[in-house]
Amino acid sequence: RQRSFKRWVRSGGGFAGVHAAADTEHEWPFYERLVGALFKSHPAVQPATIALADRSHPSTRQLPSRWTRSDEWYDFGSNPRPSVHVLATLDEATYSGGAMGADHPISWCHHPAGGRSWYTGGGHTAASFSEPLFLSHLRGGILWAAGLAKAACRP
């Protein structure tokens, strides 16, 4: 299955990862590169403010420049910024328990191994999937990953 998945991504396939997509396949380096970073820890579910870094991507263009919502906010084992195009970051001053510091990417896109990969750290709570802005964020990410929407996603 891993070989088939790799082959599909390398042939231009797209991947859209939501929340816990960053908390699997910890022993598979290809998957970590595909997602961009893997889960390390999280504080309790709480509100936080997301600052948009790119308002032109289909997954972010409809969002306010500072978007406050509640979720389970992941800290990652490494900062993905060097290898991804960061779409949004968490403002750690707006919640308790963040461990990544002043640069805390929470949504990004990139072109790993010839394919397309989009990730959002949101989506832990059931309420996320009834929030119009979150659903719009997801829709834009899925459309971009599927190659149905255009955006620049180079680091």
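Residues that are open to solvent by 50 Å² or more (accessible area, probe 1.4 Å) and closer than 18 Å to PRO64 by Cα within region 130-155 comprise SER130, PRO132, LEU133, LEU135, ARG139, listed in sequence order.
Within region 118-155, being touching a Lys or Arg at 6+ places or on another chain (Cβ under 9 Å) and closer than 20 Å to ARG7 by Cα holds for TRP144, ALA145, ALA146, GLY147. Residues that are part of a loop (DSSP other than H, G, I, E, B), over 20 Å from ARG66 (Cβ atoms) and in contact with a helix residue (DSSP H, G or I) (Cβ under 7 Å, 6 or more places away or on another chain) within region 109-124 comprise GLY115, HIS124, listed in sequence order. Selection of region 52-108 for residues being of a type in the set (D, E, K, R) and either in a loop (DSSP other than H, G, I, E, B) or crowded, with 19+ Cβ neighbours inside 10 Å (or both) yields ASP54, ARG55, ARG61, ASP71, GLU72, ASP75, GLU92, ASP103.
Residues satisfying the criterion are present in region 7-14 (criterion: at negative phi and part of a strand (DSSP E or B)).
Has region 128-137 got at least one residue that is in contact with a Ser or Thr (Cβ under 8 Å, 6 or more places away or on another chain) and closer than 18 Å to ARG33 by Cα? Within region 128-137, none of the residues are in contact with a Ser or Thr (Cβ under 8 Å, 6 or more places away or on another chain) and closer than 18 Å to ARG33 by Cα. Taken over region 15-51, the criterion of being in contact with a strand residue (DSSP E or B) (Cβ under 8 Å, 6 or more places away or on another chain), over 20 Å from VAL86 (Cα atoms) and assigned to a helix (DSSP H, G or I) is satisfied by no residue. When only residues in region 109-129 that are in contact with a Cys (Cβ under 8 Å, 6 or more places away or on another chain) and touching a residue at least 60 places away in the same chain (Cβ under 8 Å) count, which is most open to solvent (accessible area, probe 1.4 Å)? If we take residues in region 109-129 being in contact with a Cys (Cβ under 8 Å, 6 or more places away or on another chain) and touching a residue at least 60 places away in the same chain (Cβ under 8 Å), then ARG116 is most open to solvent (accessible area, probe 1.4 Å). Looking across region 1-51, just one residue is within 15 Å of SER107 (Cβ to Cβ) and either hydroxyl-bearing (Ser, Thr, Tyr) or open to solvent by 70 Å² or more (accessible area, probe 1.4 Å) (or both), and that is THR49. From the list PRO43, PRO58, PRO29, the one residue that fits, being over 21 Å from GLY123 (Cβ atoms) and modelled with pLDDT of 95 or more, is PRO29.
The values are calculated or read from the model by the stated rules, or taken from the named source; none is laboratory data. Since the structure is predicted, the reported quantities are computational estimates derived from the model, not experimental observations. When we count neighbours, we look across all protein chains shown, and the Cβ atoms used for this are built from the backbone with ideal geometry, even at glycine. For the accessible areas, the whole protein counts, side chains as well, though only heavy atoms, and no ligand, DNA or RNA atoms are used. Shrake-Rupley method; radii C 1.70, N 1.55, O 1.52, S 1.80 Å.
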